[in-house]
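Bear in mind that the values in this text are calculations on the coordinates, not laboratory data. Fair warning: this is a prediction, and the values are worked out from it, not measured in the lab. Don't worry about glycine lacking a Cβ; one is built from the backbone with ideal geometry, like all the others, and counts go over all protein chains shown.
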């Protein structure tokens, strides 16, 4: 029997050792509207143990073959499937078909934002997303306009999900301890998560705006060839962090409309 899995630095692993916190993270799942849960980076299963106690089907996915071996030995539960795979490269319909599934985990810090973007891409099947991030990343995802940490990740996540920062976790409950605090959040997909604007244009506008976040939108978006008339709109005098998610959507609608009328 393998006694222990060593955390691997190149995989960004920090194993949670505190059972109470693991149980608390498992309880962030509301289990509303789905019966499948995907856990990313289960490590030695400290969180898995609490998720499999719920009346759901669990898929635990890890890149680390040592973790996979450990989980297969220690978790014989019927409702658990253990997969050795890279979440970022996996086609999730191969696992879940077209059924909804929630995503949770103590996410490897080095890929945590990519995990969020992949969940956004798969949002038609992801009603809920919970888990642990580096604290500043969790705060950034949940930040509101007017806050200096509000940015691309905040806007694009909150366009589709309601984001809630739940609690902070200190470094001492991990092996090895990370150098920073961690934060646990919950994202719940909005009732109407279809955008009333062109999605790829929204992504472009948000990214361009925040890449030069100190500039007004009139300056940061000038490569979009906006008409002079549109640039007179008061919204272009603002900086990106001043705009709420609905305002970014409305800005995108205006830009799309402008492109149509300019080309006629």
Next item on the list: Kindly express, to the nearest 10 degrees and within the range 0 to 90, the angle between helix 245-262's C-alpha long axis and the longest C-alpha principal axis of the chain.
Entry: 50 degrees
Next item on the list: Please give the helix 199-211 orientation as an angle from the longest Cα principal axis of the chain, in degrees from 0 to 90, rounded to the nearest 10.
Entry: 90 degrees
Check: Mind checking which of 251, 195, 217 has the largest fluctuation in a GNM of the chain, springs on alpha carbons under 10 Å?
Finding: 195
Next item on the list: Report P(r) for the range 1-154: all Cα-Cα distances, bin width 10 Å, range 0 to the bin holding the largest distance, values in whole percent.
Entry: 11, 42, 37, 10, 1, 0
Next item on the list: Per DSSP H run of n ≥ 4, the term is -39500 (n - 2.57); total these for the chain, divide by its residue number, and report the mean residue ellipticity at 222 nm rounded to 500 deg cm²/dmol.
Entry: -9000 deg cm²/dmol
Notebook entry, point to check: How do 35, 148 rank when sorted from fewest to most other Cβ atoms within 10 Å of their own Cβ?
Noted result: 148, 35
Notebook entry, point to check: Relative to the longest principal Cα axis of the chain, at what angle does helix 65-74 sit, 0 to 90 degrees, rounded to 10?
Noted result: 50 degrees
Check: In nm, to one decimal, how far is the modelled label at residue 121 from the one at residue 239, with both set 7 Å along Cα→Cβ?
Finding: 3.2 nm
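If you take every DSSP beta bridge whose two residues both sit in the chain, what share of them, in percent to the nearest 5, is antiparallel?
Details: 17 of 33 bridges.
Here the share of antiparallel DSSP bridges comes out near 50 percent.
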Notebook entry, point to check: Rounded if a/c is under 1.5, else prolate if a/b is larger than b/c, else oblate: which is the range 113-264, with a ≥ b ≥ c the root eigenvalues of its Cα gyration tensor?
Noted result: prolate
Note to self: If each residue of separation counts as 0.36 nm, what is the full-extension length gain between residue 260 and residue 89 once their alpha-carbon separation is subtracted?
What the structure shows: 57.9 nm
Next item on the list: Take the chain, connect every pair of alpha-carbon atoms lying under 10 Å apart with a spring to form a Gaussian network, then pick out the residue of 224, 38, 92 with the largest mean-square fluctuation.
Entry: 224
Checklist line | Projected-area average for the chain over all orientations - Cα convex hull basis, square nanometres | finding: 15.1 nm²
Check: Under a plain spin-label model, where a point goes 7 Å from the Cα along Cα-to-Cβ, how far apart in nm are residue 179 and residue 20?
Finding: 2.9 nm
Note to self: Springs between alpha-carbon pairs under 10 angstrom, Gaussian network model over the chain: which of 67, 112, 250 fluctuates most?
What the structure shows: 250
Next item on the list: At 7 Å along the Cα-to-beta-carbon direction for both residue 215 and residue 81, put a label point, then send me their distance in nm to one decimal.
Entry: 4.8 nm
